[in-house]
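Read through the structure below, which is laid out as structure tokens, and then see the notes.
The values are calculated or read from the model by the stated rules, or taken from the named source; none is laboratory data. Keep in mind that this is a model prediction, so the values were computed, not measured. A quick note on method: Cβ atoms are made from the backbone with ideal geometry, for glycine too, and the neighbour counts reach across all protein chains shown. Note: areas computed on protein heavy atoms with side chains; ligands, DNA, RNA excluded. Shrake-Rupley method; radii C 1.70, N 1.55, O 1.52, S 1.80 Å.
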Amino acid sequence: LVFDETTPLKMMMAHANEDPTAPSLRTELELSPEIDELILKCLAKDRYDRFRNAEELIAAIDFALISCETRWEHRDAIQWWSQRPVQGRLL
């Protein structure tokens with residue numbers, strides 16, 4: 001989740017009015033500054049601060065992947081998500 005709000009209304013207000021915290025500050029995983037920048041740009045409130053098109057986003061993803069020291073495999077993602085609650089339940 002992008003915000004730690006307890007009700008749907010508070011969550012909606014946070015999405016509308018608050019800047020999200022960098023993902024690297026919300027996870028135990030090591031994330032590069034490029035990953036933080038990519039995700040925060042996707043979540044920008046002002047559309048002019050977001051990627052203009054899919055090609056820009058793909059280029060940013062490719063650049064961010066270069067900065068990653070380790071790559072996740074499909075099995076890594078399954079294991080990570082199986083340990084996280086999703087809407088109040090475990091996968």
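Solvent exposure of the chain, expressed per residue, is 83 Å² of accessible area, with all protein chains present and a 1.4 angstrom probe.
Which whole-number percent is the relative contact order of the chain (Cα, under 8 Å, 6+ apart)?
Over the chain, the number comes to 18 percent.
For the chain, the 222 nm mean residue ellipticity estimated from helices alone, with every DSSP H stretch of n ≥ 4 adding -39500 (n - 2.57) and the total spread over all residues, rounds to -14000 deg cm²/dmol.
Of the accessible area of the chain, computed with a 1.4 Å probe over protein heavy atoms only, carbon and sulfur atoms account for 57 percent. Remark on the chain: Rg and Dmax equal 14.9, 39 Å (Cα only).
When the trypsin sites (Lys or Arg not before Pro) in the chain are filtered for DSSP coil states and for at most 15 other beta-carbon atoms within 10 Å of their beta-carbon, the remaining sites are ARG26, LYS45, ARG50, ARG52, ARG71.
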